[in-house]
Amino acid sequence: MGHAAMMSDFLRQCGGVAVIDGGFATELERHGADLNDPLWSAKCLLTSPDLIRRVHLDYLEAGADIILTASYQATIQGFKNKGYSVEQGENMLRKSVELAREARDIYYTRCHEASTKDTTGDKILKQRQILVAASVGSYGAYLADGSEYSGDYGDAMNLEFLKDFHRRRVKALADAGPDLIAFETVPNRLEAQAFAMLLEEENINIPAWLSFNSKDGINVVSGDSLIECVAVAESSNKVVAVGINCTPPRFIRDLVLSIKKATSKPILIYPNSGESYDADIKQWVQHTGVSDKDFVSYVNKWCEAGASLVGGCCRTTPHTIRSIYGTLSRKSADPSLVFEAPRLQPSER
C-alpha cells in the first residue's frame, strides 16, 4: 500500500477524523519531572522512561489514535553536549520509539482484557489502529532559545547545514520502526525543504507529516508564506499530511482554509492552549490561554473547514484530548475495516 493510501485507509478506520495526542512536556511536569534542561522532555529518556510510557498510555486511554514520541528536542548534538556518544544518542532516539510502541502494546492488552464496552470509567478502551509518530523538532528546538517560535536562524543558515544537522537523527528514528515521522513546529520554508529532501536522500520509506507554526494566523512564524511552505509538503510523495501545531486556537480555522487551497493532502492541526511563552524565563505566562471547554468548542469548526487530524500541543492534557474524542462526531467505520489488535503472549507483556 502506498503512503497516501495508508493514510486514507487509517482516516477511514477512524471515521474520517483521527485524534492526535496532546502536550507531552506538560504532562511530564505535572507528574513531577524537572524539564529545565536543553533536552526538555527528552531528558526523561535518560531519567524517567517509565514516566514517558505512562504519559503515552494516558493519552491512549483518552482516545488518541496517534501518539508522538518523546523525541521532539532529542538530537544527536544535544545528547553529545551532555557527554553522550553519537551511538548513545542514537540509542536514546530509538528508545523514544520503543517506549511508544510498548505503551501501545500495553494498551492493546488492556483493551483485550476489558469488557466489550468502548469506555471503562473515564478510560477509552477501544480496539483500533494506533499510529506511533516519531517526533522531529526543528533546529530551533535544539537551540533551546525559543527560535522555533521565530524561525530566525541567522544569515549563515543554509539547506545543507540543516540536512546534515537532522540526518542521523531522522535515520535513527526511522530505523526504530515508527508508523510516521512527524516534523513538528517547522518555523520556515528552508527547514521544511531540508526535511523533504532528507526523506528522499536517505530513502526513508516511512510516511511523514510537516507541521508549521504561526503567530499571526497568516504566515509561518518566520514570516515565510504559509502557502509556499505547504507547497513543499504537496510536492513530496512521502509527506502524507500537512498542517499547523503549537499555534493559538483562534488562528486555526483561517489557517486550515488557507492550507486547503494549496494541498490535496489531509490537513492536521494540534494547537497549543493559546498561552504565551516567555523564552527569557523559559515559562508559560499564566492565564493567557483558553480553557479546555473553549478549546474544544472550536473542534467541529476546524473539521468543517477541512482538518482531518486533530489534537493538542503545549499546555493541553489528556483531559483536552478526551474532550476532543467526545466532541468529534465520528461516523461508523466500515465493518470490513475493523481493526484487530495483536494479542500479546504472556512473555511479551
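The values are calculated or read from the model by the stated rules, or taken from the named source; none is laboratory data. All values derive from a computational prediction rather than experimental measurement. Glycine gets a Cβ as well: all are built from the backbone with ideal geometry, and neighbour counts include every protein chain shown. Remember, those area values only see protein heavy atoms, side chains included, never the ligands or the DNA or RNA. Shrake-Rupley method; radii C 1.70, N 1.55, O 1.52, S 1.80 Å.
Assorted remarks:
Every residue, every condition in (1) open to solvent by less than 10 Å² (accessible area, probe 1.4 Å); (2) not aromatic (Phe, Trp, Tyr); (3) not in a helix (DSSP H, G or I), yes or no:
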residue	(1), (2), (3)
Glu160	no, yes, no
Leu173	yes, yes, no
Ala182	yes, yes, yes
Ala192	yes, yes, no
Ala196	no, yes, no
Ile206	no, yes, yes
Asp216	no, yes, yes
Ile227	no, yes, no
Val232	no, yes, no
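- Here Ser308 clears all of (1) within 15 Å of Thr26 (Cβ to Cβ); (2) at pLDDT 60 or above except the condition numbered (1).
- Evaluation of Gly140 against the conditions (1) in contact (Cβ under 8 Å) with a residue 40 or more places away in the chain; (2) farther than 24 Å from Ala196 by Cβ shows that the sole unmet condition is (2).
- Selected residue [modelled with pLDDT of 95 or more, open to solvent by 10 Å² or more (accessible area, probe 1.4 Å), under 15 Å from the mean Cα position of the chain (by Cα) and under 29 Å from Gly121 (Cα atoms)] from Leu68, Leu11, Leu60: Leu68
Residue-wise test of (1) of a type outside the set (Phe, Trp, Tyr); (2) assigned to a helix (DSSP H, G or I); (3) within 27 Å of Leu198 (Cβ to Cβ); (4) without any contact (Cβ under 8 Å) to a residue 60 or more places away in the chain.
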| residue | (1), (2), (3), (4) |
| --- | --- |
| Ala70 | yes, no, yes, no |
| Gln73 | yes, no, yes, no |
| Met92 | yes, yes, yes, yes |
| Ser96 | yes, yes, yes, no |
| Tyr107 | no, yes, no, yes |
| Gln127 | yes, no, no, no |
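- Subset of the stretch 136-158 that is touching a helix residue (DSSP H, G or I) at 6+ places or on another chain (Cβ under 8 Å), not charged (D, E, K, R) and not in a loop (DSSP other than H, G, I, E, B) - its residue that is surrounded by the most Cβ atoms within 10 Å (Cβ to Cβ): Val136
- Annotation note: Cβ proximity below 8 Å between a residue of the stretch 143-160 that is at pLDDT 85 or above and a residue that is of a type in the set (Lys, Arg) (sequence gap 6+ or interchain) occurs for Tyr149/Lys215.
- Condition check for Gln77: touching a residue at least 40 places away in the same chain (Cβ under 8 Å) and in a loop (DSSP other than H, G, I, E, B): no
- Qualifying residue in the stretch 95-116 (condition: over 18 Å from Asp37 (Cβ atoms), of a type in the set (Ser, Thr, Tyr), open to solvent by 50 Å² or more (accessible area, probe 1.4 Å) and out of contact with any Ser or Thr (no Cβ under 6 Å at 6 or more places or on another chain)): yes
- Some residue of the stretch 201-217 being touching a residue at least 60 places away in the same chain (Cβ under 8 Å) and more than 24 Å from Asp65 (Cα to Cα): yes
- Flag for Ser85 being without any contact (Cβ under 8 Å) to a residue 40 or more places away in the chain, within 19 Å of the chain's Cα centre (by Cα) and either within 27 Å of Pro248 (Cβ to Cβ) or open to solvent by 10 Å² or more (accessible area, probe 1.4 Å) (or both): no
- Qualifying positions in the stretch 36-57 - hydrophobic (A, V, I, L, M, F, W, C) and open to solvent by less than 10 Å² (accessible area, probe 1.4 Å): Leu39, Ala42, Cys44, Leu45, Ile52, Val55
- Filtered residues of the stretch 299-316 (kept if open to solvent by 30 Å² or more (accessible area, probe 1.4 Å), farther than 17 Å from Ser258 by Cβ and either hydroxyl-bearing (Ser, Thr, Tyr) or touching a residue at least 40 places away in the same chain (Cβ under 8 Å) (or both)): Arg315
- Selection over the stretch 252-286 of residues that are modelled with pLDDT of 95 or more and either in contact with a Lys or Arg (Cβ under 8 Å, 6 or more places away or on another chain) or within 13 Å of Leu226 (Cα to Cα) (or both) gives a count of 13.
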